[in-house]
1. For Glu253, what accessible area in Å² do you get when you roll a 1.4 Å probe over the heavy atoms of the protein chains, rounding to the nearest 10?
2. Arrange the residues Val217, Val124 by how much accessible surface each exposes, largest first, with a 1.4 angstrom probe.
3. Where does each of Trp243, Trp96 land when they are ordered by accessible area, with a 1.4 Å probe and the largest first?
4. Give me, ordered by chain and number, the residues 5 or more places off Val217 or on other chains with an amide H under 5 Å from its own placed amide H.
5. Taking the Cα centre of segment 115-166 as origin and charging only Cβ (+1 Lys, Arg; -1 Asp, Glu), how large is the dipole, in debye to the nearest 20?
6. Pairs of alpha-carbon atoms within less than 8 angstrom and 6+ residues apart define the contacts here; what relative contact order does segment 125-282 have, in percent?
7. For the pair Asp151 and Glu208, how long in nm is the line joining their label points, each one 7 Å along Cα→Cβ?
8. Counting heavy atoms of the protein chains only and a 1.4 Å probe, report the per residue accessible area for segment 145-282 as a whole number of Å².
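The values are calculated or read from the model by the stated rules, or taken from the named source; none is laboratory data. Computed from a predicted model, the values in this text were never measured in an experiment. For neighbour counting, all protein chains shown are included, and Cβ atoms are generated from backbone atoms with ideal geometry for every residue, glycine included. To get the accessible areas, we keep the full protein, side chains included, count just its heavy atoms, and leave off ligands, DNA and RNA. Shrake-Rupley method; radii C 1.70, N 1.55, O 1.52, S 1.80 Å.
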Amino acid sequence: MCPPNCLHAVCEKATRRGLLKSGFTLGIAAMAGAGSLAGGARPASAATDTGPLSFSKITDMSHTLYEGFPTFSGERWFEMERPVTWEKDRVNLNRWTLMEHTGTHIDAPLHFSEDGNSVDLIPVADLLCPLAIIDIRAKAAADADAYLTPDDIAAWEAQHGEIPEGACVAMNSGWAAHLTTEKYTGLDAEGKNHTPGFHAEAARFLIEERSVRGIAVDTLSLDRGLASGDFPVHYDWLGSGRWGVECLASMDEIAPSGAYVFVGAPKVAGGSGGPSRIVALH
């Protein structure tokens with residue numbers, strides 16, 4: 001029988017009692033047998049390269065991927081067939097056909113570079129990092145072609161301090177709320193997309209002046225829609241060996257600073273990215 005401090009037994013009890021949602025102690029503290037269940041719920045813990053990480057809430061930052069999930073072109077990039085069904089086979093097994101960059105997903109350096117890391121080669125330690133959320137909802141509501149600029153970064157740092165080393169800097173433009181409307185793609189009569197994104201100068205500042213692992217957006221593109229032209233942020237950012245995330249959700253539920261994000265990237269050999277389960281620990 002598993003001893004009281006066995007991680008399997010602890011997690012099993014925590015799951016049955018719903019303690020995971022209320023901040024039960026996991027990871028290092030649980031494996032060390034730190035305290036008993038009778039002592040009450042404690043913040044959950046995990047290890048980072050800077051020491052223990054404590055959190056009391058886990059927020060899913062991923063949209064559910066479904067057939068017809070919005071894309072810039074309007075083409076269907078995800079389809080699911082059901083060749084094996086419960087009714088016929090007493091087993092459920094689906095076949096997916098998808099483009100890598102659909103739904104909430106990661107862009108690997110290879111996506112916009114000749115020889116950057118494919119998604120499977122991104123070090124897993126680089127996928128857990130501090131999360132800095134920069135809110136541009138007000139100007140995005142007034143202008144669908146709004147940028148996240150160096151001034152927005154400066155304003156965030158004036159309030160929260162310098163962006164943490166190894167962070168993911170995420171743009172909250174409020175676009176997640178538009179997922180089921182035409183505004184999410186922002187297509188105009190000429191077939192151009194109008195959605196907020198990072199300004200090339202903001203990306204360059206984070207590359208040159210800050211030690212940042214990734215950037216993320218709640219829109220379809222790191223760049224400001226297709227109205228921006230030649231994807232300068234994609235080429236510069238991914239070309240520098242860093243990763244990006246697109247189509248984030250639930251940023252309104254997370255404080256601008258203090259959280260961590262884990263990007264559950266697919267481990268596909270040679271992949272340029274792929275749908276990901278992304279969670280905030282806060």
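1. Here the accessible area works out near 100 Å².
2. Numbers: Val217 0, Val124 105 Å².
Final ranking, largest accessible area leading: Val124, Val217.
3. Numbers: Trp243 10, Trp96 165 Å².
If we order Trp243, Trp96 from most to least accessible, we get Trp96, Trp243.
4. Close amide H contacts, sequence-distant or interchain: Met171, Val245, Glu246, Cys247, Leu248.
5. Dipole about the Cα centre, nearest 20: 220 debye.
6. Across segment 125-282, relative contact order equals 27 percent.
7. 1.9 nm
8. 40 Å²
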